[in-house]
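> For reference, the structure I am asking about is given below.
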Amino acid sequence: MKTLLMIKPDAVKKKVVGKIISMVEERGFDIKDMRMKRFTREEAERFYEVHRNRPFFEELVRFITSGPVVGLCLEGDDIVERVRKFIGATDPSKAEPCTVRALYGTDISHNAVHASDSAENAERELKFFFENC
Ligand code: CMP
């Protein structure tokens, strides 16, 4: 089983990519592949299509295309659930201590990382970064 962990432009700008990858390794997750890229507007709209009708959609697309992101393909048992727990709640102020978002997120829009929320979405989202992962 695989999932996508994406380090967002706010974390890249803060220069905490290495710290987040260290957390991933310290937690024992297996990194299968990794890539930095910048989303086009069209890709960002497709990546976040489930949020298309939400009031924050435009801000979300603008933010995610504002700079490079780093995608990590992580593999393991129950990986989707384990990585979701590892990153913490969407709103960093509500994230459990020592989670990635608690440590490096700023607010709900600039929350350092994204992780797939289901196996189906993981498969879909991984394709934005990797041909084969
Ligand atoms: P992410 O896990 O990348 O999935 C969708 C993103 O929308 C979410 O993290 C937040 O960064 C962003 N977002 C902005 N405002 C909201 C909101 N009010 N509720 C949920 N997500 C939001």
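> Based on what the data block shows, is residue 121 touching a Leu at 6+ places or on another chain (Cβ under 9 Å) and without any contact (Cβ under 8 Å) to a residue 12 or more places away in the chain?
yes
> Sticking with this one: Give the number of residues within the range 76-99 that are over 16 Å from residue 3 (Cα atoms) and either in contact with a strand residue (DSSP E or B) (Cβ under 9 Å, 6 or more places away or on another chain) or not in a helix (DSSP H, G or I) (or both).
Total meeting the criteria: 8.
> Here's another thing I want to ask about it. Name the pairs whose Cβ atoms lie under 8 Å apart, with the first residue in the range 1-18 and over 17 Å from residue 65 (Cα atoms), the second among the acidic types (Asp, Glu) and part of a loop (DSSP other than H, G, I, E, B), and 6 or more positions between them or separate chains?
Pairs found: 1/77; 1/78.
> Which residues, counting only those in the range 101-128, are out of contact with any Gly (no Cβ under 8 Å at 6 or more places or on another chain), assigned to a loop (DSSP other than H, G, I, E, B) and surrounded by fewer than 22 Cβ atoms within 10 Å (Cβ to Cβ)?
Correct list: 106, 107, 108, 109, 110, 117, 118, 127.
> Here is a follow-up. Taking the conditions exactly as written (surrounded by fewer than 16 Cβ atoms within 10 Å (Cβ to Cβ), modelled with pLDDT of 95 or more and not small (Gly, Ala, Ser)), does residue 15 satisfy them or not?
For residue 15, the condition - surrounded by fewer than 16 Cβ atoms within 10 Å (Cβ to Cβ), modelled with pLDDT of 95 or more and not small (Gly, Ala, Ser) - is met.
> Being closer than 14 Å to residue 128 by Cα and in contact with a Pro (Cβ under 9 Å, 6 or more places away or on another chain) is the requirement here; does residue 9 meet it?
When the stated conditions are applied, residue 9 does not pass them.
> Also: Do any helices (runs of 4 or more DSSP H) lying entirely in the range 1-65 carry at least 2 residues that are of a type outside the set (Phe, Trp, Tyr) and over 13 Å from residue 113 (Cβ atoms), and which ones are they?
Output list reads 17-26, 41-47, 57-64.
> Here's a follow-up. Name the one entry in 63, 57 that is within 11 Å of the ligand (Cβ to nearest atom), under 23 Å from residue 16 (Cβ atoms), of a type in the set (A, V, I, L, M, F, W, C) and surrounded by fewer than 20 Cβ atoms within 10 Å (Cβ to Cβ).
Being within 11 Å of the ligand (Cβ to nearest atom), under 23 Å from residue 16 (Cβ atoms), of a type in the set (A, V, I, L, M, F, W, C) and surrounded by fewer than 20 Cβ atoms within 10 Å (Cβ to Cβ) holds for just one of 63, 57, which is 63.
> Are any of the residues in the range 87-99 in contact with a helix residue (DSSP H, G or I) (Cβ under 7 Å, 6 or more places away or on another chain), among the acidic types (Asp, Glu) and more than 13 Å from the ligand (Cβ to nearest atom)?
Yes, the range 87-99 has at least one match.
> I want to confirm something. Restricting to the range 12-34 and keeping residues that are of a type in the set (Val, Ile, Thr) and closer than 16 Å to residue 133 by Cβ, which single residue is farthest from the ligand (Cβ to nearest atom)?
Of everything passing the filter in the range 12-34, 31 is farthest from the ligand (Cβ to nearest atom).
> Could you grab the pairs with beta carbons closer than 9 Å, sequence gap of 6+ or different chains, first residue in the range 27-43 and surrounded by fewer than 12 Cβ atoms within 10 Å (Cβ to Cβ), second one not in a helix (DSSP H, G or I)?
Going by the 9 Å Cβ cut-off, the qualifying pairs are 28/76; 40/65; 41/65.
The values are calculated or read from the model by the stated rules, or taken from the named source; none is laboratory data. Remember, it's a predicted structure, so these values are computed and weren't measured experimentally. Neighbour counts run over all protein chains shown; Cβ positions are idealised from the backbone, glycine included.
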